[in-house]
Amino acid sequence: MTKFKICGLTDLHNAKTVRSANADFMGFVFVPGSKRKLDKNSAKQLIDSYRQSTGSGGPALVGLFADQPLDFVNEMITLCGLEYVQLCGSESPEYWGKINSKVIKSISTDSSTSNVQNQSNLFNETQKIVDSNAIPLYDKFERGQLGGTGKSFDWASINGFSDSLDFILAGGLNPENVGNAIKQVRPWCVDVSTGVETAGIKDPYKILKFSEEIQVL
């Protein structure tokens, strides 16, 4: 079954819902300027409360960062027990090679990658990420944004990539379209944030519905 990640969690109730939905990953945002950003103290309090109430196991914890000091990233890994770091900026392989956890590297994907040459360039970029021991994540390119826009890109731009690469598909996914996305793209994992929100707040019903749509495939 395709793995899935629920991202942008900010409260204990929905963190527990994500676990009950059998998600593989849950994400916490530390990117400045994000509406879902957690500061150091609130993140530790939330994650400590989650662990105390649910025990060991459950989804792997992912922290989202973008072009932030390496020392801060590693500090948050230790403080919150993060198992993965998702890099949403212009970080280099040299940078992520010094991170004390597994790494997910976001690729902002433009619709212009649908032509053959650009698709080849995108594949080569992705292969370099994999060769650097990171997991690629495709998200919608939006000028001035670092992901989390709730908008999808042209999935045809990555058709066939799953034949030789494991990657995470993000951008505009929701309970209504995730099934079609998986059938078309066959990603290793899908990632959602905005698509399981109502009025900007995580919606437990939508989280569970998203999970159900994946599990019936």
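Where a number appears in this text, it was derived from the coordinates with a stated rule and is not lab data. Everything numeric here is computed off the predicted structure, so don't read it as measured data.
A few remarks follow.
- When the chain is treated as a Gaussian network with alpha carbon springs shorter than 10 Å, the biggest mean-square fluctuation among THR109, THR126, THR17 belongs to THR17.
- Annotation: the antiparallel percentage among DSSP beta bridges lying fully within the chain is about 5.
- Residue of SER193, SER42, SER101 that the Gaussian network model of the chain assigns the largest fluctuation, springs spanning Cα pairs under 10 Å: SER42
- Listed values (i) 44; (ii) 23; (iii) 28, entry calculated as percent of Cα pairs over 28 Å apart: (ii)
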